[in-house]
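Mind looking over this structure? Questions follow.
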Ligand SMILES: *Cc1c(COP(=O)(O)O)cnc(C)c1O
């Protein structure tokens, strides 16, 4: 192992320890929590290193980057790619082909674009905007029920739950409590939609306390993201 591999292994182990501790403190089982390593801006070689350390869930937020990286890592057949970024309808099919889960369903048109006849429906999460800024991504809470009902008509999609990013300048615990309420709204349409994707480097412990089932952790595991022009 090179020195940087060893550091990566240490950071991964230390985050997993913190996840397990937070889960136990919240009276939850660490096994019920999926830790997604967000690898955006990092090369495919980092994904391969993470895979070697046992990581099977990675996250990306840009279409071009995920499409390139999937090719770049070659045949890691049990690796799951989670798409967590805003998605244009004209890119939806391309992302559907490579992603196991899309966390950013936020409008009826995108549901239609992602929908496709398939043996196995695509797992999607409805992203909810917890801020007052419509530019932040995610459906406004008042439109959540309508979007869930629309998605119920898309037979190529399986809505598994909700996703959100905690707003800046607000206590994440309070935001994640609201998200738990939105998860409940979605379960009125999809009773088995139990997933809650929430929690990043700065707030994953608060997310675990609020019931998150899927954490999206980048820099705490990968180290700082390389700057791109
Ligand atoms: C980048 C990103 C993350 C990870 O952020 P970190 O603060 O590096 O852990 C999580 N979710 C989304 C949607 C992201 O774009």
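The values are calculated or read from the model by the stated rules, or taken from the named source; none is laboratory data. Only a predicted model underlies this, so the values are computations on that prediction, with no experimental measurement involved. Cβ sites come from the backbone with ideal geometry, for glycine too, and all protein chains shown count toward neighbours.
Are any residues in the range 116-143 farther than 14 Å from residue 98 by Cα and crowded, with 18+ Cβ neighbours inside 10 Å, and if so, which ones?
125, 126, 127, 128, 129, 130, 131, 137, 138, 139, listed by residue number.
Collect the residues in the range 99-137 that are within 14 Å of the ligand (Cβ to nearest atom) and more than 22 Å from residue 188 (Cβ to Cβ), keeping them in residue-number order.
Of everything in the range 99-137, those that are within 14 Å of the ligand (Cβ to nearest atom) and more than 22 Å from residue 188 (Cβ to Cβ) turn out to be 99, 131, 136, 137.
In the set 202, 211, 156, 229, which member is within 16 Å of the ligand (Cβ to nearest atom) and either surrounded by fewer than 23 Cβ atoms within 10 Å (Cβ to Cβ) or at pLDDT below 95 (or both)?
When all the criteria are applied, what remains is 202.
Looking at (1) in contact with a helix residue (DSSP H, G or I) (Cβ under 9 Å, 6 or more places away or on another chain); (2) within 21 Å of residue 211 (Cβ to Cβ), can you tell me which one residue 103 breaks?
(1)
Before we move on, is residue 193 within 16 Å of the ligand (Cβ to nearest atom) and either in contact (Cβ under 8 Å) with a residue 40 or more places away in the chain or in contact with a strand residue (DSSP E or B) (Cβ under 9 Å, 6 or more places away or on another chain) (or both)?
no
Which one is nearest to the chain's Cα centre (by Cα) among residues in the range 68-85 that are more than 22 Å from residue 214 (Cβ to Cβ) and at pLDDT 95 or above?
The residue in question is 68.
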